[in-house]
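Below is one structure, written out as structure tokens; comments come after it.
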Amino acid sequence: MKSAKVTMTMSVPDGMPDNGETKMTGTMAWNPTALDMTMSDGGAKAKSGDDEPKRMIWVDGVAYMDMGDFEGKKWGKLDLKAAAKEAGDEEMTKAVTAGLDDAEQDPAQQLAMFLGSPNVKHLGSGQVDGVRAEHYKGSLTVEEGLKGAKTVNALKPEDREKLLANVKKSGIKGYDYDVWVNSDDLPVRMTVDVKTPLGTVSTSASYSDYGTTTAIKAPPAAETTDLLTILKEAAGRGRSSI
């Protein structure tokens with residue numbers, strides 16, 4: 001059960017950056033993490049005419065973006081760890097590494113964090129997308145929500161405190177969960193709402209076909225352009241012209 005088909009929708013209220021609704025569909029895998037998702041943006045970008053569905057593949061910590069035709073290649077490649085090291089910023093490298101570790105969390109691990117909270121109620125059972133599932137609803141405080149994140153733990157103590165203070169200062173008090181769990185203790189449907197002074201940011205995901213999806217592979221090298229190399233070359237040209 002290392003993979004699943006996923007449909008995810010994120011709604012951002014007016015007044016916030018990238019407001020509107022974004023939908024992602026595709027396949028996710030865990031241990032190791034891999035993604036093959038197509039994103040459709042119905043928000044601010046769509047209003048500007050940039051609403052073409054975009055496909056992204058993530059394998060071995062490397063992101064591949066479908067660029068259509070970029071310097072004769074279909075895919076743009078960005079190795080986040082390599083980019084952080086190239087910047088020569090040790091703290092950034094730690095943060096990127098921790099972020100990739102956070103991404104390794106499978107749905108069962110995410111559920112364990114939520115179901116371990118005392119603010120969770122079991123509302124009974126029912127059918128969701130043809131699957132028998134148990135229904136839970138509850139909330140996590142900001143502290144609980146950030147506690148297990150390696151990206152947060154990788155920060156210096158003073159920076160962690162600053163992050164927590166900034167989240168609270170923004171008006172976010174916690175995260176409201178509505179989850180349906182199958183007999184294997186994996187989510188069938190999960191909705192997370194974050195209430196802010198500007199409105200509610202809502203993320204809803206449906207999971208299916210656990211363990212039966214096709215393996216996710218990186219695009220062929222011949223169809224790929226390394227974006228980090230292009231950025232380095234552009235930076236070199238910029239320095240030489242000074």
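The values are calculated or read from the model by the stated rules, or taken from the named source; none is laboratory data. Just so it is clear, the model here is predicted, and its values are computed rather than measured. Glycine gets a Cβ as well: all are built from the backbone with ideal geometry, and neighbour counts include every protein chain shown. To get the accessible areas, we keep the full protein, side chains included, count just its heavy atoms, and leave off ligands, DNA and RNA. Shrake-Rupley method; radii C 1.70, N 1.55, O 1.52, S 1.80 Å.
Remarks
- Pairs meeting the criteria (first residue in the stretch 192-214 and of a type outside the set (A, V, I, L, M, F, W, C), second residue in a strand (DSSP E or B) and open to solvent by 50 Å² or more (accessible area, probe 1.4 Å), beta carbons under 7 Å, at least 6 apart or on different chains) are D193/D176; D193/T200; T203/M10; S206/T7; S206/R189; S208/K5; D209/K5; T213/K5.
- One residue from A84, A63 being modelled with pLDDT under 75 and not aromatic (F, W, Y): A84
- Only one of L78, L123 that is of a type outside the set (D, E), assigned to a strand (DSSP E or B) and either at pLDDT 90 or above or more than 28 Å from L231 (Cα to Cα) (or both): L123
- Qualifying residue in the stretch 30-40 (condition: modelled with pLDDT of 85 or more, open to solvent by less than 50 Å² (accessible area, probe 1.4 Å), farther than 24 Å from L227 by Cα and not hydroxyl-bearing (S, T, Y)): yes
- Residue count, the stretch 212-227 (criterion: modelled with pLDDT under 90 and surrounded by fewer than 16 Cβ atoms within 10 Å (Cβ to Cβ)): 3
- All positions within the stretch 6-34 that are of a type outside the set (S, T, N, Q), farther than 13 Å from M56 by Cβ and without any contact (Cβ under 8 Å) to a residue 60 or more places away in the chain: P17, D18, G20, E21, K23
- Residues being part of a strand (DSSP E or B), within 19 Å of H135 (Cα to Cα) and open to solvent by 40 Å² or more (accessible area, probe 1.4 Å) - total across the stretch 183-202: 2
- Filtered residue count, the stretch 126-179, keeping only those that are assigned to a loop (DSSP other than H, G, I, E, B), of a type outside the set (A, V, I, L, M) and at pLDDT below 75: 2
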